[in-house]
Each structure stands twice: as structure tokens, then as C-alpha cells.
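The values are calculated or read from the model by the stated rules, or taken from the named source; none is laboratory data. Since this is a predicted model, take the numbers as computed values, not measurements. Note that each Cβ is placed from the backbone with ideal geometry, even for glycine, and that neighbours are counted across all protein chains shown.
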Amino acid sequence: MSAEPTALPGVWLLANFVSDDRRGTFVKTFHAEAFAQQGLAVDFRESYYSVSHRDVVRGMHFQRPPHDHDKLVYVTQGEIVDVVVDLRPDSPTFRQHVALPLAAHRHAVYVPRGCAHGFLTLSETATVVYAVTSVYAPAADAGIRWDSIGYEWPVSAPILSDRDAAFPSLADFTTNS
């Protein structure tokens, strides 16, 4: 498992260990020692997944402190473009974003606390797995409007939840506390 830094401090593109043979594919998505060597969290508290159709945008989501979390995201089926926005006021990349293509099995994205996360489904469907370092707290749940972050999403008519469509814009974002 190797880790490549992105343009946002603390956001990493991780190459999963993948073994293909005549039986199929075996993928290792997490290795505590490898994560610890990179300074990444290893204490995940919840794991869940979503199945989305083509042109679905989910995001840009985050949890406010003290329930904020680090997040490990990977795709088990399909393709997405994964997008992260830095909401850490003290960060040199505050309000900047990075977009990373993810296809099934090959890579994962590590998203540190203080960043908003979302994605666009590029394939007919995609299954996206999330592991997080805190337990979901509805009162701490928050988001930034997907189309306000300066990223040119490659979709003309996205499918959104009512909740995601109603998030405030990045311009109106003041603090993650």
C-alpha cells in the first residue's frame, strides 16, 4: 500500500494492494501499520457504503467538532470522481479543492477532519465505501453546496438529494466549529 499526497495537506491518494488471478480480485483497503507510518488515523468507528446511479452527486458533507472525523473512501464497483474541499481556516489551502478519479479496487482517498467530501458517479452505478473515525452525530452533520466550491463538475443535470441541494454555499461558510 502506497500513499501519495495531494494538493491539500492531509488528503492522500492511497494505492490499494490488489491481487488479480483466475479466481477474481483480492483487495486490501486498510493496513494499520502502513497508515500509522504515514501519520493517518487507524481508529475507525463506523463503516458504511452507498450505491449511486450515474450523474448522482453526493456531498459536500462533513461533521462539525467534536464529532468531526477522518474518512477513508474507496470504490468497490464502478467509477466516481471524488472531491474534497479544505474547510480548515488555518490551512494554506483553505477553501481550495482537489478532485480525484476513483475506480473499483485500485485506489482510496484519505480525507482528514476539517474537510468536506463528496463525489459524482461516472459509471452506470457505483458502490462507495466510507470508514470514519467518529460515530455519526446528526446534530453535527453539515455540508457545503456542491456547485459553490469552484470545481467544474463533469455533469450537466446532476441528481441530488433535497438536503444536499439546500446546503449553504462555500462563500457563506464561516467556521467548522
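May I ask you to list pairs of residues, at least six apart or on different chains, whose Cβ atoms are under 7 Å apart, with the first in region 96-108 being within 23 Å of ASP20 (Cα to Cα) and the second being surrounded by 19 or more Cβ atoms within 10 Å (Cβ to Cβ) and of a type in the set (Asp, Glu)?
The qualifying pairs are LEU102/ASP82.
Answer with yes or no whether GLN96 is closer than 22 Å to THR29 by Cβ, surrounded by fewer than 20 Cβ atoms within 10 Å (Cβ to Cβ) and either of a type in the set (Gly, Ala, Ser) or at pLDDT 95 or above (or both).
Spelling it out, it is not the case that GLN96 is closer than 22 Å to THR29 by Cβ, surrounded by fewer than 20 Cβ atoms within 10 Å (Cβ to Cβ) and either of a type in the set (Gly, Ala, Ser) or at pLDDT 95 or above (or both).
May I ask you to verify whether VAL57 is under 22 Å from ASP164 (Cα atoms), in contact with a Gly (Cβ under 6 Å, 6 or more places away or on another chain) and crowded, with 17+ Cβ neighbours inside 10 Å?
On the way: under 22 Å from ASP164 (Cα atoms): yes; in contact with a Gly (Cβ under 6 Å, 6 or more places away or on another chain): no; crowded, with 17+ Cβ neighbours inside 10 Å: yes.
No.
May I ask you to list the residues in region 108-126 that are at negative phi, within 13 Å of the chain's Cα centre (by Cα) and not basic (Lys, Arg)?
Of region 108-126, the ones at negative phi are 108-113, 115-126.
From what is left, the residues that are within 13 Å of the chain's Cα centre (by Cα) are 108-113, 115-121.
The answer is ALA108, VAL109, TYR110, VAL111, PRO112, CYS115, ALA116, HIS117, GLY118, PHE119, LEU120, THR121.
Please name all residue pairs, on different chains or six or more residues apart, with Cβ atoms under 8 Å, provided the first residue is in region 153-177 and is closer than 17 Å to HIS97 by Cα and the second residue is among the acidic types (Asp, Glu) and in a loop (DSSP other than H, G, I, E, B).
Filtered contacts from region 153-177: ASN176/ASP68.
Picking from LEU102, LEU87, which residue would you name as being of a type outside the set (S, T, N, Q), crowded, with 18+ Cβ neighbours inside 10 Å and within 19 Å of ARG54 (Cα to Cα)? Explain how you work it out, then say what you get.
Numbers: LEU87 fails: within 19 Å of ARG54 (Cα to Cα).
Of the residues listed, the single one that is of a type outside the set (S, T, N, Q), crowded, with 18+ Cβ neighbours inside 10 Å and within 19 Å of ARG54 (Cα to Cα) is LEU102.
State which residue is surrounded by the fewest Cβ atoms within 10 Å (Cβ to Cβ) when the search covers only region 116-157 and only residues that are under 23 Å from ARG88 (Cα atoms) and β-branched (Val, Ile, Thr).
Residue satisfying both the conditions and the ranking: VAL135.
Across region 59-82, what is the number of residues that are of a type outside the set (A, V, I, L, M) and touching a helix residue (DSSP H, G or I) at 6+ places or on another chain (Cβ under 7 Å)?
We begin by selecting, within region 59-82, every residue of a type outside the set (A, V, I, L, M); these are 59, 61-71, 74, 76-79, 82.
Cutting the leftovers down to touching a helix residue (DSSP H, G or I) at 6+ places or on another chain (Cβ under 7 Å) gives us 59, 63-64, 67.
So the count comes out to 4.
So THR6 clears everything in (1) under 27 Å from TRP153 (Cβ atoms); (2) without any contact (Cβ under 8 Å) to a residue 12 or more places away in the chain; (3) among the hydroxyl-bearing types (Ser, Thr, Tyr) except one condition, right? Which one?
(2)
Output the number of the condition that ASP82 fails; it satisfies all remaining conditions of (1) buried (at least 17 other Cβ atoms within 10 Å of the Cβ); (2) touching a residue at least 60 places away in the same chain (Cβ under 8 Å).
(2)
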